[in-house]
Structure formats: C-alpha cells, structure tokens
1. Residue by residue through segment 263-277, note down the ones that are within 23 Å of L635 (Cβ to Cβ) and not in a helix (DSSP H, G or I).
2. Check A125, A153, A192 and return the single one that is in contact with a strand residue (DSSP E or B) (Cβ under 9 Å, 6 or more places away or on another chain), among the small types (G, A, S) and not assigned by TED's automatic domain parsing to the domain that holds E584.
3. Write out, first by first residue and then by second, each pair whose Cβ atoms fall under 8 Å of each other, whose residues are 6+ apart or on separate chains, and whose first residue, in segment 441-467, is without any contact (Cβ under 8 Å) to a residue 24 or more places away in the chain while the second is loosely packed, with under 15 Cβ neighbours inside 10 Å.
4. Cβ-Cβ below 6 Å, separation at least six or inter-chain, first residue in segment 192-215 and farther than 19 Å from A111 by Cα and part of a helix (DSSP H, G or I), second modelled with pLDDT under 90 and of a type in the set (S, T, Y): which pairs?
5. In segment 1-21, how many residues are without any contact (Cβ under 8 Å) to a residue 60 or more places away in the chain and either out of contact with any helix residue (DSSP H, G or I) (no Cβ under 6 Å at 6 or more places or on another chain) or not aliphatic (A, V, I, L, M) (or both)?
6. Do you know which residues across segment 573-592 are of a type outside the set (V, I, T), assigned to a strand (DSSP E or B) and touching a strand residue (DSSP E or B) at 6+ places or on another chain (Cβ under 6 Å)?
7. Right, L218: modelled with pLDDT of 95 or more and either within 30 Å of S598 (Cα to Cα) or acidic (D, E) (or both) or not?
8. Which residues, counting only those in segment 568-598, are modelled with pLDDT of 90 or more and of a type in the set (G, A, S)?
Amino acid sequence: MIVEIGHYALALALGVSVIQVLVPFWGVVRQDRALASVGSSAALISFALVALSFAALVASYVRSDFSVSNVVANSHSAQPLIYKFTSVWGNHEGSMLLWVLILTLFGALVALSRNTLPPRLRAGALSAQGLVAVAFLAFTLFTSNPFQRLSPAPAEGQDLNPILQDLGLAIHPPLLYVGYVGFSITYAFAVAALIDGRIDAMWARAVRPWTLLAWTFLTLGIAMGSYWAYYELGWGGWWFWDPVENASFMPWIAGTALIHSTVVMEKRDALKVWTILLAILTFSLSLLGTFIVRSGVLTSVHSFASDPARGVFILLILVFFVGGSLALFAWRAPLLRQGGLFAPVSREGALVVNNIFLATACATVFVGTLYPLVLEMVTGDKISVGAPFYNATFVPVMVPLLLILPIGQSLAWKRGDLLGAAQRNAAAFGVSVLVALALIAFTHGGPVLAPLGIGLGVFLVLGAAVDLGERIVARASGWRAMLSRAKGLPRSAWGTALAHAGVGISIIGIAAAAWSSEAIAVLKPGERLTSGRYTVVLEGVSPRTGPNFRAEVARFQLFSGEKELAPLEASKRIYTARSMPTTEAGIRTDWLSQAYVSLGEAQDGGVAVRLYDKPLILLIWIGSIVMALGGGLSLTDRRFRLAAPKRATPAAAAPQPAE
C-alpha cells in the first residue's frame, strides 16, 4: 500500500505542476494577482506530494520490500541500514526522484520568499520552474518509474553496486543535485524576466542568493565526489577529466561567471544581456550533464543508465528548454535597455575580464567533453581526450585569470587606479615570488611549473587578505576603529575573500601533486616498499567477513624514514550478492599530506601493493570547503534578507523603453 501511495502522489504532483505552469503565467499576462498567487500554493503542494512519494520509496528500501523492482535491483537484506537508505538514490530511478524532490523543494522555497521577491517575478519564475518540474516528473513516471512491482517477489535483492556502498556516495549525489537543480531557479528567473520585460538591478539582487546557494552546494558536491574517487577507487587520483566529471565542472565554471556578472548588474544595472544569457547557459549545462549521465552515450563509473529510450526523452527535454529559452532570449534581448556605464579600469571592468576568461575556460571543457562523443556517433571512431588536452587549453586560460584576480578585487567601482591596485598587492606578489624561488632552490624533481603554481596559490591567499586589510585599516585610527570597521564590513565582503583564498589553497594542493611519488611491488610478509618519504612493511594478510562482503585485509607498518608512524590496513572486498570486487585503500594523514596504500591481485605467494606519497594533497579539498564557506557566508549578507524594494509606479517614473 505504501508503494501505491508513493506512485499516486507522484502522479498527483505532475497534475499540480501543470497548474503551477498555466495559472500563474496567465495571471502575469492578465495582471491578475489572484491568479498569479496560485503558483505559490501549487509549488508548496507539489513539493509535499513529491516528498511523500520519496518517503514511500525510502520506506520500501528500509523494509526490504522486494516486491518493488527498484528495491530488488539495488538492495539486499544484509546491507547496513545506512546503505539501505542511500540505495534510494544509488540508481537511476531513485536518483531521478531525488532530482525532482530537490527541484520542487526549490520551488517551495521561492514560494515562501514573499518578502524578498517582487510578486510578478516570483509568479513568472514559479511558472517557468513548474514547466521544468512537469518535464522531469513525466520522465520519471513514464520511463523511470521507481515504484514498479514484481510478481512473484524474489526472496532476496541483488545488492547495491559495491562501489556505491560508501559514506562519500551517500553525501555526494544530494550535494551535487542541489547545485544542478538550484540553477533551475536562476534559469526560471531569467525566463520570467524576459517574458515580463523587466530586467534590472533588482532582478540581479533577487537572483544572486539563489545562484550563490546552488554554486556553494555544487562546489561541495564536486569536492566530495573527487575525494570519494581518490580513496575508494584505489587509483590514487582525484581528477581524471572524465566526461561525467566535466559535466558537473562546466555548470560550476558558468555559475562562477554568473555570480560575478550579477554583482556588476546589481551595482551598475549593466551587463543585462550577458547575465541573462549566463543564467540560461548555466542551467543548460546542468541539463547536459543529466543527459550525459543518463542517456547511455558513454560508459563510466559515474553513469546511471544505458537505456536509449530514456536518452531520447532527456534529449528532447534538453532541446526544448535550451532551444526554447535561447529563442526567447534572441527575441527579447534586443529590446533590453543599456545599463550604467563604467571605465574599463574599474572593479566592473575586472569582473568583465573575469567573465571572458571563465567563459573561454568553460568552452574548452565543453569541446574536450563532447568532441569524442560526437566523433564516435558520426564516424564510429573512438578517441580519448584527457589531461594533456586540458593542460594545453584549460590551464593557460585560467592562469592569467588567477594572476589578475587580486588586482581586480583591489580596484574601485566605476573608475579604478590600476597602478594603485598593483602597489597594494606588491608585497603579496613579492612574497609569492620568494616562495616560488625557495621551492625551486630547495626541491629536486617534479615539473618546473609546480613551484610557480604554489606561488600563484600563495598570491591568491595573500591577495584576499590584502583586500580585507585595506577595507579594515583604511581611514581607521587605532585598533578599536579597525575592529569596528571589521564588524561593519558586509558579510559578502568576508565571503568573497574566503572564496578567493579557497581557490588559492586548492591551487597549492594541485601544484604540490607534482611531487607525488608512486611505487608498485609484489610483497610477501616481512618485505617492504618505499615511495617518497614513506615505507611500508607487509605484516600479513588475513580474511575478514562483513555484513554483505568477504575481504582479504593486508596489515602494514608505516615508516617515515626510520621513524615508525602507525599501522595501516588495506583490503580487497568481494560482495557476495554481485560477486564484485572493490578496493579499500589504507590512508594515513600526516599533517596536510597522506601516505596511501592500495592492494592489487595476489601473485606468486604475495600481494601486489601500490604505495603513494601525496604531499599537501588535503589542501585540494580544504580549499574547496573554504570556497563553499565563502559562498555560505555571503548568503547571510543583510541585503539578501531585506524585502524587495518597490518599483516606481508608472505615474511616478519617467517613461522608459521596454527592458
């Protein structure tokens, strides 16, 4: 009965979402506030119904209801409870229901934001977002029904994919989906504004917190997925330029550009056309990622589905929303009024340059991701585009952007002093150069550019500190005045500095990877293996049994030089239901670095062992967390909590051309 309630609630949600699309849209067209307000009620009801449906599916998994096909394919009665719960989104059908749940949650949040959004914009955005919900609810119900029954019901399930039975994969998809789906709100705001013909600084202020929220969660989701791949897959890498990795990275880059573009629009009522286009493209790239993962066009550890029928359905959704919004943009964009002016050398000018570099970087990832897929579909030829391509295209675009970032953030609004901004950052740049030179002098081996990368990261961190310092110290006499100025700074200023510093921290970790070392050998008990600063001695291998797996566990003693550090365990697991092996790496954290051990196959009475020395590797993910903290802190800024200002009435305002 619970399953049928869940299925029925999902069908009802589709009907309510249709109402959410049509009634508020007609209310906006007819300027009928009563009709326009229906969108808020429909969004809340739709979320409640999808939440009920999702709860029903969770209950089916927790109770091991093997009369449900989805539960049979992705669960097992012996699974730990936590993985029964996370199995809900560890498959295509369940993950689509989670996708729709988060989509309707965002709609409900917009509906509740009565004091921070103009009524017409809220109604139009809810209508546009409801159309997205209709498409994905229909896709879920008609091609990916998670409530399909089996008769007769088997006695046992087939278990969740073993590599997904990990806490990191319990966290990664929800974080990523909040990021993906969050950009649907900025997309809906853009479509609503184009239809209504009102695009101004007020629109930018309304959109910016939603963009920040989506970007913050997408940052955390990408970082969590990267760390999961690093420790779970046993290959010791944190990024592979896999097409599915790129599918989440592209909307992150576009979303970063959108955040900076909305700042200019809010400050100067400028860059309207570009900002609207970015809002459309960012969500379009999220939809592209959904298509790549679920269409079956590639086989990847990240991909969920390989059914061509589903791929065609998602392709139609992609074409409709991307093509439709771009057509609307082409129709309405020429009517937009030019906004405020600013000098090329100014904070606004620096943000425009920032957007140019970010757009170019996103384009390089887009080409590298899709070209092999298109080539294979057209000619049947298979090529691989990996790190060499991105090192030659993406990195040269990002380095100049990062170099000018500290200077750009030191420029004044509207008209800046380039020489003065450079002078304010001279000390930070000098320290960064000294750090790079010291590394070149005192390190041996590794790419020559690695010390320069660390110097660049240091420059970004110090540049963020300089920007804050200038704001706090300028015109302040005494420490009490400085403390008062620090307390009075907008939280968005602190958040921006944190986010920029987080980028620098991650770059230091990425550059330090150049000094990583790897050693591989077949070890027998008592034998040792050395890589970089670390040595492991194999003490023995013994069997171990888990709730739904068998494991061969290797015990090591870890040394740094002659100093004994700690014991380590690494294992190979076989999950009995699927007879599928997984690798559990042994990791020892030593300050910000790690020793990493993974097992291969048994050979000649021994076991294949891979040992890595990973200097400063944790900085990659610490920097990502600092970036996300910066975004979260900016979200608490006071102006995002204030009520939306009233637009001037036609009688009070001077006549204007259509915006």
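The values are calculated or read from the model by the stated rules, or taken from the named source; none is laboratory data. This one's a predicted model, so the numbers in the text were calculated from it and none came from an experiment. FYI the Cβ positions are ideal-geometry reconstructions off the backbone, even for glycines, and counts take in every protein chain you see.
1. If the condition is that a residue be within 23 Å of L635 (Cβ to Cβ) and not in a helix (DSSP H, G or I), then D269, L271 are the ones that fit.
2. A153
3. V448/I440; G455/V433
4. Going by the 6 Å Cβ cut-off, there are no qualifying pairs.
5. Final tally of qualifying residues: 3.
6. Those that are of a type outside the set (V, I, T), assigned to a strand (DSSP E or B) and touching a strand residue (DSSP E or B) at 6+ places or on another chain (Cβ under 6 Å): R573, Y575, P581, E584, G586, R588.
7. So L218 fits the description; yes.
8. If the condition is that a residue be modelled with pLDDT of 90 or more and of a type in the set (G, A, S), then A570, S571, A585, G586, S593, A595, S598 are the ones that fit.
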